[in-house]
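Read the structure below first, then the notes.
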Amino acid sequence: MSTAQPNSPRPTFELDLEILEATVEAMTAASSLGPLDAEDMASAREDVANHLVNNPGTVFKHAAELGLEHLRIALGVADVEPDPKDRRFSDDWFSSVPWFKRLAQAQVANERAASALLDDLDFDGKGRLRADFVMNAWTSAMSPTNSLFGNPAAIKEAWRTGGASLLQGAQNALTDLTENGGMPKMVDTEPFVAGETIAATPGAVVHRHPLLEVLQYTPTTGEVHGRPVVIVPPQINKYYVLDLAPGRSLAEHLVANGQQVFMISWRNPGPEFREHGLDDYLDAVLEATDVALDITGSPDLNLLGVCAGGITASALAGHLAAIGDERLNSLSLLVTILDWDVPSTMGSFALKPLPEASRVQSEATGVLSGEELAKTFAWMRPNDLVWNYWSNNYLQGKQPPAFDVLAWNVDSTNLPAALHGDFLSIAANNSLTTPGTLVAKATPVDLGAVTCDSYVVGAVTDHITPWEACYESVRLLGGRSEFVLSSQGHIQALVNPPGNPKGSFRINPDAIDLDEGPSSEQWLEGAATHAGSWWDHWAVWLGERAGQMTDAPTDLGSADHPVLGEAPGLYVFD
């Protein structure tokens, strides 16, 4: 499938992946924390302002240094240069035209000075992340490329089109104001239709619950493993990032490896679901596992949880361990934070009273709005997710790219207020790390009592669920845990098909047999890098735990769970 429009200015698939990574980094942990409303942002800004007021000497020192740097820039003797990967200054005018070169240098100097200033102020780990958020929003808004006369690409396009690009840009801005909440549109979603170009792996709906549908995929091998795998995707987006497109679908890859795959497709809840919390979602997932066991005739199964779905799967595993239910043969977690003490961009806002303010907001409306959440987290990467499209759509009068994962990312879902509140509590209280702190379905959760084998995946450049935080899961879970560190970032750990020549992953099998797991730093020191995709490594690991091979079923579903319709079902269109 083409990932960019014909004649798109974006030259390569790799560039789109960079945009994609920035987008999803700013969104995927959203199920745990809510949109940063005015009170949240005011608190973060006030924290920064207090540090500035209380450290006048430090502020003056950095202001003086910045003034000298600007003088050198004006005289043409500064050696400051933009990062070659900074797309804002990729136009050749920023290197060949003195005025524009100085504009770029001044912006880079401002950003570096702001970062250096924060380095010298006394922020704790999470406070520094909050300060970075605020300062990045300020400095990114100052970029010359956000205005027509500081943006060479926009000037050239206006000249080339005789001003038509400016008229089209104004029309794009008006459309976004009325139809996109005032935010620049990031993607052309028209080419992507669930069941046709995306979410296209053949299968059927074999169970429908008020909160979810269960999809069973059609086998493509003559024999299949007897033990099924059930996938719990994150609740804040549609499931199909795990079944994106032919050749780039984890579900398709598993089916091709002889797995019997059952995928949960979450419903997009409205305000009428406001009282549905974690226990309700655990009941729904438990029903989904009952369905998979009934259809396959297996006494147990392998469970995969992804991001917020990993939190849900882990809570369910703790509940099952507490009641002695042995249906879990293995637990796999993909880019999932269970220990919120490790600093992360999202975790930096998991501090009281911010979660309480966010909780009040969702309770007032009944749901945590996926649309509003998208706006909030775009500002976590403003250069990539706001100003990039401001320049493209408005100043240059162009349309955004057509890209399947960006289309998936804007196809967001809501969270019921009760579930949102439960996720907030888990994050703010770090309640999965202390046995008994989280109570799921009236049972205290102790992840150390989850003694099945586990497979935990982190991504090396993931800033939302940083790999060090993902790694801590192996120290919380009982049983034998294998940690795998995928190359690149959060989204490319999800969409990681074999064949990418730049793809790799790291493993440290010796760490599995240690009585006490090493720290993340110790694990990394002993890890070996392997070319390829962790998908293949996991397929082997999973295959060893998926039971004996048996003839593939000729029909989907069962007498008790008949086919209700073709995949991708109904809920994906909510």
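The values are calculated or read from the model by the stated rules, or taken from the named source; none is laboratory data. Note that the structure is a prediction, hence the values are computed from the model and not measured. Every residue, glycine among them, receives a Cβ derived from its backbone with ideal geometry; neighbour counts consider all protein chains shown. Please note that ligands, DNA and RNA were not included when accessible areas were found on the heavy atoms of the full protein model with its side chains. Shrake-Rupley method; radii C 1.70, N 1.55, O 1.52, S 1.80 Å.
Per-residue accessible area (protein heavy atoms, 1.4 Å probe) orders Thr437, Thr312, Thr220, Thr175 as Thr220, Thr437, Thr175, Thr312, starting from the largest. Remark: C-alpha extents of the range 372-509 on the principal axes read 57, 42, 20 Å, sorted largest to smallest.
Counting only DSSP H runs of at least 4 residues, each contributing -39500 (n - 2.57), and dividing by the residue count of the chain, the helix-based mean residue ellipticity at 222 nm comes to -12500 deg cm²/dmol. What separates the Cα centres of the range 507-553 and the range 196-211 is a distance of 29 Å. Accessible area per residue was computed with a 1.4 Å probe on protein heavy atoms; Asp83 scores about 90 Å².
Projected onto planes of every orientation and averaged, the convex hull of the alpha-carbon atoms in the chain covers 26.7 nm². The H on the amide N of Leu212, modeled in the peptide plane, is under 5 Å from the matching H of Arg267, each at least 5 residues off or on a different chain.
State the Kirkwood hydrodynamic radius of the range 143-209 in Å, one decimal place, computed from all pairs of distinct Cα atoms. That comes to 15.5 Å for the range 143-209. Rounded to the nearest 20, the size of the Cβ-charge dipole of the chain about its Cα centre is 1680 debye, with Lys and Arg at +1 and Asp and Glu at -1.
Where the centre of each part is set by its Cα atoms, how far does the range 70-132 sit from the range 434-499, in angstrom? Using only Cα atoms, the two centres lie 36 Å from each other. Look at where the Cα atoms of the range 386-408 and of the range 298-327 average out, and the two centres are 39 Å apart. Longest stretch of the chain clear of exposed loop sites (trypsin sites (Lys or Arg not before Pro), DSSP loop, at most 12 other Cβ atoms within 10 Å, sites excluded): 86-501.
Ordered from largest to smallest accessible area (heavy atoms of protein chains, 1.4 Å probe), the residues Trp99, Trp541, Trp390 come out as Trp99, Trp390, Trp541.
Normalised radius of gyration (Cα atoms, divided by 2.2 N^0.38 Å) for the range 89-245: 1.62. Projecting the Cα positions of Ser143, Thr161, Ser481 onto the charge dipole of the chain (unit charges on Cβ atoms of Lys, Arg, Asp and Glu, taken about the Cα centre) puts Thr161 furthest along the positive direction.
With 21 Å as the limit, write out which pairs from Lys156/Lys398; Lys85/Lys238; Lys185/Lys398 have Cα-Cα distances beyond it, or answer none. From the list (Lys156/Lys398; Lys85/Lys238; Lys185/Lys398), the Cα-Cα distance tops 21 Å for Lys85/Lys238. Multiplying each eigenvalue of the alpha-carbon gyration tensor of the range 35-135 by 5 and taking the square root yields semi-axes of 29, 18, 10 Å, largest first, rounded to whole angstroms. Ligands, DNA and RNA excluded, the heavy atoms of Trp379 present near 80 Å² of accessible surface to a 1.4 Å solvent probe.
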